[in-house]
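The values are calculated or read from the model by the stated rules, or taken from the named source; none is laboratory data. Treat the numbers as computed from the prediction; the structure is a model and nothing was measured. For neighbour counting, all protein chains shown are included, and Cβ atoms are generated from backbone atoms with ideal geometry for every residue, glycine included. SASA here: full protein model, heavy atoms, side chains in, ligands and nucleic acids out. Shrake-Rupley method; radii C 1.70, N 1.55, O 1.52, S 1.80 Å.
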Amino acid sequence: LQTSMKKKKLLLDGSITLLFSILELQAAQMKFCLQSFPSRSLQYADGVLAFTVSTLRQSCGPREQLDQKSAEMVRLLLTLPLYSLGIQILHLEFYLPLLSFLAHGDRREIAGVICGAVVQEGSKLDTIEKVSKLFKYLEPSLEEHKTRRRRRKRGTNRVRAVTSYDDDDDDD
């Protein structure tokens with residue numbers, strides 16, 4: 001029984017290491033494409049993201065969380081295009097599917113980075129399509145904001161029972 005468990009752990013550790021190595025290679029390829037081929041960087045970046053999404057779909061179950069190192073590589077893959085493509089990331093077909101592999105907190109973090117990049121770039125969101133797509137990327141932050149507002153609203157509408165102790169009653 002222990003030998004079987006050790007084998008499973010080794011297989012799991014090996015697959016995590018392999019996944020991390022693949023993601024690390026994809027991040028290096030992303031950097032190379034963005035720096036070396038500026039005129040075709042949008043197309044190449046989407047190709048890298050497509051391969052990454054395909055790899056993650058094969059490696060992870062639908063609800064399976066990425067290990068910390070792999071999640072870090074996915075965050076890197078999502079932020080690298082922001083610095084060279086800016087708002088053009090809205091044209092990347094595989095950006096949102098890759099974002100979905102991250103835990104909620106990581107997606108919220110990426111949403112903040114996206115928002116900061118859009119503001120810093122000063123890009124115009126001149127079509128409904130751009131605004132709609134941007135909101136899909138920012139959804140984790142927007143969901144949290146809605147949740148906080150609901151909690152605050154419920155908190156102010158609740159009647160709270162207050163118990164007071166009168167020190168004078170102890171003297172009886």
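Structure data summary
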item	result
Where T17, T52 fall by accessible area, highest first, once all protein chains stay in place (1.4 Å)	T17, T52
Solvent-accessible heavy-atom area per residue, rounded to whole Å², over the stretch 45-104 at 1.4 Å	48
Label-point separation in nm, K31 to R57, each point 7 Å along Cα→Cβ	2.8
